[in-house]
1. Using a 7 Å offset from Cα along Cα-Cβ at THR223, what residues in the range 78-115 end up with backbone N under 19 Å from the label point?
2. Length gain on complete extension for the stretch ASP67 to MET1, per 0.36 nm per residue less the alpha carbon to alpha carbon distance?
3. Short version: ³J(HN,Hα) in whole Hz for each residue of the range 156-167, in order, from phi by Karplus 6.51 cos²θ - 1.76 cosθ + 1.60 (θ = phi - 60°), x for Gly and Pro, what are they?
4. Write down, largest first, the equivalent ellipsoid semi-axes of the range 8-242 in whole Å, where each equals the square root of 5 times an eigenvalue of the alpha-carbon gyration tensor.
5. Mind checking the range 61-107 for trypsin sites (Lys or Arg not before Pro) that DSSP puts in a loop (not H, G, I, E or B) and that have at most 12 other Cβ atoms within 10 Å?
6. Dipole of the range 8-242, Cα-centred, from +1 at each Lys and Arg C-beta and -1 at each Asp and Glu C-beta, to the nearest 20 debye?
7. List the trypsin sites (Lys or Arg not before Pro) within the range 111-216 that DSSP assigns to loop and that have no more than 14 neighbouring Cβ atoms inside 10 Å.
8. For the range 8-242, give the share of DSSP beta bridges that are antiparallel, in percent and rounded to the nearest 5; count only bridges with both residues there.
Amino acid sequence: MQLAPLAPADFRISVVLPVFSETDSIREVIAGLKEILAARMLEIVIVMSPKSGPDTRAVCEEMVKSDPRIRLQVQQVNPGLGNGVREGYASTKGNLVLNIDSDGEMEMETVRRMLEKMDTGAYDMVVASRWMKGGGFSGYSPLKYVLNFGFQQMFRILYWTRVNDLTYGFKIMRGELARGIVWVGVMHEIACETTMKPIKLGARACAVPSKWTARVQGQSKNTFWRTFRYVGMALKIWWHGVEFTPSKSEG
Ligand SMILES: Nc1nc2c(ncn2[C@@H]2O[C@H](COP(=O)(O)OP(=O)(O)OP(=O)(O)O)[C@@H](O)[C@H]2O)c(=O)[nH]1
Ligand SMILES: [Mg+2]
């Protein structure tokens, strides 16, 4: 798979922002994105769960009113973050698609590092890595930390990649990949699917360091048991491969 080159001056970035129970952190993430992406921001697609409460909904609506580039989509197939991300991806128009959570756990400065890598023209995807020097975890559950470490060691070998955070949902990729790859993840395992499938397809990928800090508001839906869905997804992709159907206009 080889994508046509994309010059930095032509970047049009679509952001897919899943929302469940957040409020203030949505405003903060959007303000950070507007500052860092500036004129290269084409749109923010907020994918809100139909189960979101009135406070969350009100903040989303406030965001839409504040900037014509922000859209609100209520998730159609529910439940599941994976369904939401897939609906978000499908509606993007940008030649780059950025995934970021709305819970404030993802370090905003990482987006600058991602863009620096994309600017070189050498990559089709840049993922945030909590396992690189300069990255890390703050307030992560010790059990999840150990499991996550083990997962990274195992699957980096299986996928033969230098990307050392294969489970994180924070990344930017070419629009052709986001819209052309057939995604199947229903729950949080979409986070590893969206990194592993492009790598398996031969996309040029790299990582940049990123700090993860536990949310102070709203609730995580990523339970301990859900982490095993990541293993299932990783093995499934490795075994079955990747379906990629780029649209004609995207080559
Ligand atoms: N649209 C939509 N968004 C969701 C759903 N579940 C979670 N989200 C959002 O997706 C993001 C990640 O969800 P979390 O539950 O925090 O999962 P996580 O960050 O992988 O897990 P932790 O490491 O425990 O925080 C957050 O911004 C949530 O608001 C869902 O079913 N639908
Ligand atoms: Mg979270």
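1. 78-84
2. Contour length minus Cα-Cα distance gives 20.2 nm.
3. Computed from phi, the couplings for the range 156-167 are 5, 6, 4, 8, 6, 9, 8, 5, 10, 9, 9, 10 Hz.
4. Equivalent-ellipsoid dimensions as semi-axes: 25, 21, 17 Å.
5. The qualifying sites are LYS93.
6. Magnitude of the dipole: close to 640 debye.
7. The qualifying sites are LYS133, ARG162.
8. Roughly 25 percent of the beta bridges in the range 8-242 run antiparallel, per DSSP.
None of the figures in this text is laboratory data; all of them are computed from the coordinates on show. Small disclaimer: the values here were computed from a predicted structure and weren't measured. As a convention, Cβ positions derive from the backbone with ideal geometry for all residues, glycine included, and neighbour counts pool all protein chains shown.
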